[in-house]
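In what follows, a single structure is set out as structure tokens and then discussed.
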Amino acid sequence: MSEPVFLIASGDLRLSANQKCWPAQQSAEAAVTAAIESFGRTVQRGHAFDPAKGHGFIDSQKRGMEVFRHLPPQAPLVVVEAVWQYSHHLLHGLYTHQGPILTVANWSGQWPGLVGMLNLNGSLTKAGIQYDTLWSADFQDSFFRSNLKRWLQGEAVLQDTSHVRALETLQLPSEARDIGNQIAHTLRRDKAILGVFDEGCMGMYNAIIPDELLHPTGIFKERLSQSALIAAMREVSDNEASAVRTWLDARGMRFRTGPNPETDLTGDQILSQCKMYIAALRIAGEFGCDAIGIQYQQGLKDLCPASDLAEGLLNNVDRPPVAAAGNGRVLYEGEALPHFNEVDECAGLDGLVTYRVWRKLGFDPENTLHDLRYGEDYNGQFVWVFEISGAAPPQHFIGGYAGTVSERQPPMYFRLGGGSVKGVSKPGEIVWSRVFIAGGKLCADLGRAKVVELPQEETERRWQATTPQWPIMHAVTYGVSRDQMMARHKANHIQVAYAPDASGAQRALAAKAAAFQAMGLEVSICGSETGLESNVG
């Protein structure tokens, strides 16, 4: 008789999220279990439902260690994710697990399991842990079932990564090499600083760049404390914060407010967010930061409203002016201060390099990360939903500030509220990318995509299927299918920046790839419409 397949599930650290998301997890687990059993195998859940907590997730590193002490070390192990999860809840056990590992997510934008699984996959890749991965809307399609059967038989899951080409096999234009070499040389000579407000947000092991990999690029971390950010916020006057709100009102940005702070966005919450924006700029200026990342989700979430309004403003060149305390000098005048949401340092490195490449080219340099959240076919083409909790710059939206609205963040994740920076990304050409760690090296994937404008009803439907308070980007990746992206992408986040047109996007992609390569990263180009030709043959 075949040995049982063990099933486990990592969840959030926040009780409210785990409780609300548990029904979706139960549904996904039931479908995966049925699929495994249809091949004659038995499934045993590796940890029990906790009636006191009201969910059955592994909800801490401590709990994860307890679970793995009782799992057979060589058993086949399936990690099923229908929710956002904290990878460090499991990583310790997966390091030493000797049996085959399969990560599985439901193809749904709801909580979202796809994002959680991609973070776990990126973390496993960085850790050098062997795994296979699958996803499905109903766990009955032939792609899922045929590959699940292979995995149960001890064979590798078949994934298509034919869209990936090593940069060294392609010809880079001389302009790109010149720009790339200039940026890499400047970074190594003059150095740059990532201001890191507490490291390791939400268990994202894949988002931490070890110093020994980062320093050779010329980029260094200034490790800052979120308690210092709170202290600096207390030094900002109500008048200064109100001036930021007045500036945004004058630009046409809307705030959807209400009277109940537990469920509505309130004036006091917005004022606090404006104070964070000012405080973050002042700390960044004091320490000479070239980009910053605020963790928020742990610690700050219990002290102040969400950081997303501050983050979105920081990523925009046109933003409320802030003077240094004491001398009146406007900080980062005429520039954005790139912010890497959730202290994703891979996105921080990427965002900083993107900003400098786009400036060299004379393009609008605003860039941001998004979650690779979800996607569906629309009129015969697959359209991704890229979404993040609110840190996208208004420059990316249809109508700019006038097309931007701030809505209260969901209470499930954001107990003290605070508004997002919400808008619909404007149609146009973008370059997408991801910096990640594999084989002990810094790596980067780059590709091209177009942002499309969908009818308002379809946009609203997709918002309701995901998180309607957050900014959305409808993206069509050139030459990269849904399953190819999922098979290759080693992170929950994807970096995006606009180019003025298709030829500009090709120039920007080439220059950015050249910069990464000159900085010592292992670079791959994904998909089509890149403008780069093979130098082989």
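The values are calculated or read from the model by the stated rules, or taken from the named source; none is laboratory data. Note that this is a predicted model, so its numbers are computed, not measured. Glycine also receives a Cβ, built like all others from the backbone with ideal geometry; neighbour counts cover every protein chain displayed.
Here is a check on your reading of the model: is GLY116 under 21 Å from LEU15 (Cβ atoms), modelled with pLDDT of 95 or more and not assigned by TED's automatic domain parsing to the domain that holds GLY375? Outline the logic, then answer.
Working: under 21 Å from LEU15 (Cβ atoms): yes; modelled with pLDDT of 95 or more: yes; not assigned by TED's automatic domain parsing to the domain that holds GLY375: yes.
Here the answer is yes, as GLY116 does meet what is asked.
Yes or no: ALA75 more than 29 Å from TRP384 (Cα to Cα), part of a loop (DSSP other than H, G, I, E, B) and touching a Phe, Trp or Tyr at 6+ places or on another chain (Cβ under 6 Å)? Spell out how you get there, then give the answer.
Numbers: more than 29 Å from TRP384 (Cα to Cα): yes; part of a loop (DSSP other than H, G, I, E, B): yes; touching a Phe, Trp or Tyr at 6+ places or on another chain (Cβ under 6 Å): yes.
The answer is yes for ALA75.
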Report summary line: (1) touching a Pro at 6+ places or on another chain (Cβ under 7 Å); (2) at positive phi all hold for GLN44 apart from (2)
Report task. Could you grab the pairs with beta carbons closer than 8 Å, sequence gap of 6+ or different chains, first residue in the stretch 421-448 and of a type outside the set (D, E, K, R), second one modelled with pLDDT under 95? Result -> VAL421/GLY390; VAL421/ALA391
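Keeping to the stretch 430-445, report how many residues are buried (at least 21 other Cβ atoms within 10 Å of the Cβ), closer than 15 Å to ILE494 by Cα and not β-branched (Val, Ile, Thr). Outline the logic, then answer.
Initial filter on the stretch 430-445 (buried (at least 21 other Cβ atoms within 10 Å of the Cβ)): 430-437, 442, 444-445.
This time we only want the ones that are closer than 15 Å to ILE494 by Cα, so: 430-437, 444-445.
Imposing the further condition that a residue be not β-branched (Val, Ile, Thr) reduces the set to 432-434, 436, 444-445.
Result for the stretch 430-445: 6.
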Report task. Determine whether the stretch 131-139 contains at least one residue that is modelled with pLDDT of 95 or more and either farther than 26 Å from HIS97 by Cα or more than 28 Å from the chain's Cα centre (by Cα) (or both). Result -> yes
Query - Any pair with Cβ under 8 angstrom, 6 or more apart, that starts in the stretch 457-476 at a residue that is surrounded by fewer than 21 Cβ atoms within 10 Å (Cβ to Cβ) and ends at one that is in a helix (DSSP H, G or I) - result: PRO468/GLU460
Query raised in the report: Among the residues of the stretch 198-234, which ones are over 20 Å from the mean Cα position of the chain (by Cα), surrounded by fewer than 21 Cβ atoms within 10 Å (Cβ to Cβ) and over 27 Å from ARG319 (Cα atoms)?
Result: ASP211, GLU212, LEU213, HIS215, PRO216, GLY218
Query raised in the report: Is the stretch 353-362 home to any residue that is more than 30 Å from GLN484 (Cα to Cα) and in contact with a Leu (Cβ under 7 Å, 6 or more places away or on another chain)?
Result: no
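Here's the yes/no breakdown for (1) β-branched (Val, Ile, Thr); (2) assigned to a loop (DSSP other than H, G, I, E, B):
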residue	(1), (2)
GLY312	no, no
ARG319	no, yes
GLU335	no, yes
GLU342	no, no
VAL353	yes, no
TRP384	no, no
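Among the residues of the stretch 198-243, write down those that are of a type in the set (Gly, Ala, Ser) and in a helix (DSSP H, G or I). Don't jump to the end; show me each part of the working.
Applying the first criterion (of a type in the set (Gly, Ala, Ser)) to the stretch 198-243 yields 200, 203, 207, 218, 225, 227-228, 231-232, 237, 241-243.
Correct list: GLY203, ALA207, SER227, ALA228, ALA231, ALA232, ALA241, SER242, ALA243.
Can you name the strands (runs of 3 or more DSSP E) wholly within the stretch 91-197 that have at least 1 residues being surrounded by fewer than 16 Cβ atoms within 10 Å (Cβ to Cβ) and in contact with a strand residue (DSSP E or B) (Cβ under 6 Å, 6 or more places away or on another chain)?
Values: elements: 101-106, 132-136, 164-166, 192-197.
Those strands (runs of 3 or more DSSP E) span 164-166.
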Requested in this report: Restrict the check to the stretch 518-528 and report whether at least one residue is part of a helix (DSSP H, G or I), touching a helix residue (DSSP H, G or I) at 6+ places or on another chain (Cβ under 6 Å) and either modelled with pLDDT of 95 or more or in the same structural domain as TYR355 (by TED's automatic domain parsing) (or both).
Outcome: yes
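Let me confirm something: among ALA497, ALA515, ALA508, which residue is crowded, with 23+ Cβ neighbours inside 10 Å, over 28 Å from LEU120 (Cβ atoms) and in contact with a strand residue (DSSP E or B) (Cβ under 6 Å, 6 or more places away or on another chain)? Even if it seems obvious, please write down each step before you answer.
Details: ALA497 fails: over 28 Å from LEU120 (Cβ atoms); ALA515 fails: in contact with a strand residue (DSSP E or B) (Cβ under 6 Å, 6 or more places away or on another chain).
The unique qualifying residue is ALA508.
Can you find a residue in the stretch 370-381 that is under 20 Å from the mean Cα position of the chain (by Cα), in a loop (DSSP other than H, G, I, E, B), surrounded by 22 or more Cβ atoms within 10 Å (Cβ to Cβ) and assigned by TED's automatic domain parsing to the domain that holds HIS339?
In the first step, residues of the stretch 370-381 are kept if they are under 20 Å from the mean Cα position of the chain (by Cα); the result is 370-376.
With in a loop (DSSP other than H, G, I, E, B) added as a condition, the list becomes none.
No; the residues of the stretch 370-381 include none that is under 20 Å from the mean Cα position of the chain (by Cα), in a loop (DSSP other than H, G, I, E, B), surrounded by 22 or more Cβ atoms within 10 Å (Cβ to Cβ) and assigned by TED's automatic domain parsing to the domain that holds HIS339.
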Report task. Name the single residue, out of those in the stretch 161-188 being touching a Lys or Arg at 6+ places or on another chain (Cβ under 9 Å) and not hydrophobic (A, V, I, L, M, F, W, C), that is farthest from ARG507 (Cα to Cα). Result -> THR161
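If you go through the stretch 407-419 one residue at a time, do you hit one that is of a type in the set (A, V, I, L, M) and in contact with a Gly (Cβ under 8 Å, 6 or more places away or on another chain)? Let's see the steps before the verdict.
Filtering the stretch 407-419 down to residues of a type in the set (A, V, I, L, M) leaves 412, 416.
Subsequent filtering for residues that are in contact with a Gly (Cβ under 8 Å, 6 or more places away or on another chain) retains none.
No, the stretch 407-419 contains no residue that is of a type in the set (A, V, I, L, M) and in contact with a Gly (Cβ under 8 Å, 6 or more places away or on another chain).
Out of the residues in the stretch 235-251 meeting the condition of being surrounded by fewer than 14 Cβ atoms within 10 Å (Cβ to Cβ) and in contact with a helix residue (DSSP H, G or I) (Cβ under 8 Å, 6 or more places away or on another chain), tell me which one is farthest from GLY399 (Cα to Cα).
So the first thing to find is which residues in the stretch 235-251 are surrounded by fewer than 14 Cβ atoms within 10 Å (Cβ to Cβ), and the list is 235, 237-239, 246, 249-250.
From what's left, in contact with a helix residue (DSSP H, G or I) (Cβ under 8 Å, 6 or more places away or on another chain): 235, 238.
Details: GLU235: 34, ASP238: 29 Å.
Top of the filtered list is GLU235.
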Query - For THR257: the one exception among (1) among the β-branched types (Val, Ile, Thr); (2) touching a Pro at 6+ places or on another chain (Cβ under 7 Å); (3) surrounded by fewer than 23 Cβ atoms within 10 Å (Cβ to Cβ) - result: (2)
**Report entry** Pair list, Cβ < 7 Å and 6+ apart or interchain, from the stretch 161-183 residues that are closer than 30 Å to MET486 by Cα to residues that are surrounded by fewer than 16 Cβ atoms within 10 Å (Cβ to Cβ) and aliphatic (A, V, I, L, M)
**Finding:** THR169/VAL536
